[in-house]
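Below: the structure, in structure tokens.
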Amino acid sequence: MSTLPEQKPSGRVSALPELARVQRESLRERVYQEVSRNLMHGVFEAGQVLRMQSLADQLAVSVMPVREALARLVSENALEVMQSRSVRVPLISEEAIEDLKSARCLIEGELVRIAAQRLTQESLNELKQLTEECEAAFAALDESCAAETSLLNYRFHFGIYEAAGSKVLLPVVKSLWLQSGPYVRTAATIYGKNPNLTAIHHHWALIEALEARDADRAVAALHEDITQSFNLIRKQILEGGLEA
């Protein structure tokens, strides 16, 4: 029986540098995902300045992965660089309202059309639960509920979109939501200030259509949901209640 020749230790551990690179990449990605999540959930307000050192302190990381994550988000039009070289969430603009509304209706409508045939009853029940929670949050008529309702709104929509199972369309929607987060939060704030406005009846109409497997009606309900929020923001701008 042959044996392998004895290997002499080289005195060099080749795995350590590779592990260090993987770890650094993972940290940068985690910072990116965390800031992205907060943008999509409407945690940040339009015009809010994001300071690297402050974010690094909150995330308990060095400034470098924060800088890289913010640069990536700038390239994705989710953030913008100011003259002072600081980074902020873009301001609300009428041009972006129309652009985002059209793009979201187009892409998200297609995902709803696909999901209408794939959503399980369990998933539909979860959508109902999320809508009830959102309804209760809005009933408080508290301006501070904007972040909570924005998060619930995100979970509701992506509960549908993920059920569609499109590996091509879902990343596109996430990119649109990175840019839409401040608008969603602004719309939620407007709803919170106006008890006569209802924010979730389109969600119920969407659920009803999805339960009936009626894709056309579901897409129509989604379009009304998206359009109403952006139209409310535009109206607020025209009435001088919101800077653009």
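The values are calculated or read from the model by the stated rules, or taken from the named source; none is laboratory data. Treat the numbers as computed from the prediction; the structure is a model and nothing was measured. Every residue, glycine as well, gets a Cβ built from its backbone with ideal geometry; the counts of neighbours run over all protein chains shown. All accessible areas refer to the heavy atoms of the entire protein, side chains included, with ligands and DNA or RNA removed. Shrake-Rupley method; radii C 1.70, N 1.55, O 1.52, S 1.80 Å.
Residue-by-condition table, conditions (1) touching a Lys or Arg at 6+ places or on another chain (Cβ under 6 Å); (2) at pLDDT below 90; (3) more than 22 Å from E208 (Cα to Cα):
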site: T131; (1), (2), (3): no, no, no
site: E135; (1), (2), (3): no, yes, no
site: F138; (1), (2), (3): no, yes, no
site: E148; (1), (2), (3): no, yes, yes
site: G159; (1), (2), (3): no, no, no
site: S166; (1), (2), (3): no, no, yes
site: T186; (1), (2), (3): no, yes, yes
site: T189; (1), (2), (3): no, yes, yes
site: N194; (1), (2), (3): no, yes, yes
Looking at region 121-134, I want the residues that are of a type in the set (S, T, Y) and have a partner that is part of a helix (DSSP H, G or I) with Cβ atoms under 6 Å, at least 6 apart or on another chain. Which pairs are those? S123/A163; T131/H203
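Residues are listed down the side, and each one gets a yes or a no for (1) within 22 Å of A218 (Cα to Cα); (2) open to solvent by 70 Å² or more (accessible area, probe 1.4 Å):
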position: V89; (1), (2): no, no
position: K101; (1), (2): yes, no
position: Q117; (1), (2): yes, yes
position: N153; (1), (2): yes, no
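Keeping to region 72-87, report how many residues are among the hydroxyl-bearing types (S, T, Y) and open to solvent by 40 Å² or more (accessible area, probe 1.4 Å). So that I can check it myself, show each step before the final result.
Within region 72-87, the subset among the hydroxyl-bearing types (S, T, Y) is 75, 84, 86.
Pick out the ones that are also open to solvent by 40 Å² or more (accessible area, probe 1.4 Å) and you get 75, 84.
Summing the residues that are among the hydroxyl-bearing types (S, T, Y) and open to solvent by 40 Å² or more (accessible area, probe 1.4 Å) in region 72-87 gives 2.
Test R213 against the stated conditions and say whether it is open to solvent by less than 60 Å² (accessible area, probe 1.4 Å) and either closer than 20 Å to E126 by Cβ or not aliphatic (A, V, I, L, M) (or both). Break it down stepwise before answering.
Working: open to solvent by less than 60 Å² (accessible area, probe 1.4 Å): no; either closer than 20 Å to E126 by Cβ or not aliphatic (A, V, I, L, M) (or both): yes.
No: the conditions fail for R213.
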Residue within region 199-210 that is touching a residue at least 12 places away in the same chain (Cβ under 8 Å), on the phi > 0 side of the Ramachandran plot and open to solvent by 30 Å² or more (accessible area, probe 1.4 Å) present: no
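May I ask you to verify whether F138 is over 19 Å from the mean Cα position of the chain (by Cα), among the hydrophobic types (A, V, I, L, M, F, W, C) and crowded, with 20+ Cβ neighbours inside 10 Å? Quick ask: steps written out before the conclusion?
Details: over 19 Å from the mean Cα position of the chain (by Cα): yes; among the hydrophobic types (A, V, I, L, M, F, W, C): yes; crowded, with 20+ Cβ neighbours inside 10 Å: yes.
So F138 fits the description; yes.
If the requirement is being out of contact with any His (no Cβ under 9 Å at 6 or more places or on another chain) and more than 24 Å from L39 (Cβ to Cβ), which of these qualifies: E110, E208, E135? I'd like the intermediate steps shown before the answer.
Details: E110 fails: more than 24 Å from L39 (Cβ to Cβ); E135 fails: out of contact with any His (no Cβ under 9 Å at 6 or more places or on another chain).
The match here is E208.
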If I go through region 173-188 residue by residue, how many of them are over 14 Å from V112 (Cα atoms) and either of a type in the set (A, V, I, L, M) or open to solvent by 30 Å² or more (accessible area, probe 1.4 Å) (or both)? 9
Of the residues T131, T149, T186, only one is in contact with a Gly (Cβ under 8 Å, 6 or more places away or on another chain), of a type in the set (S, T, Y) and either part of a helix (DSSP H, G or I) or farther than 20 Å from E76 by Cβ (or both); which? T149
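I'd like the full set of residues that are assigned to a helix (DSSP H, G or I) and loosely packed, with under 14 Cβ neighbours inside 10 Å, limited to region 51-62.
Kept after step one, since they are assigned to a helix (DSSP H, G or I), are these residues of region 51-62: 52-59.
Within region 51-62, Q53, S54, D57, Q58 meet the criteria.
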Find the residue count for region 232-244, including only residues that are in a helix (DSSP H, G or I) and either within 19 Å of the chain's Cα centre (by Cα) or free of Cβ contacts under 8 Å to residues at least 12 places away in the same chain (or both). 3
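For region 152-183, how many residues are over 17 Å from H41 (Cβ atoms) and assigned to a helix (DSSP H, G or I)? Explain how you work it out, then say what you get.
Just the residues of region 152-183 that are over 17 Å from H41 (Cβ atoms), to begin with: 163-169, 171-172.
Add one more test, that the residue is assigned to a helix (DSSP H, G or I), and what stays is 163-164, 169, 171-172.
So the answer is 5.
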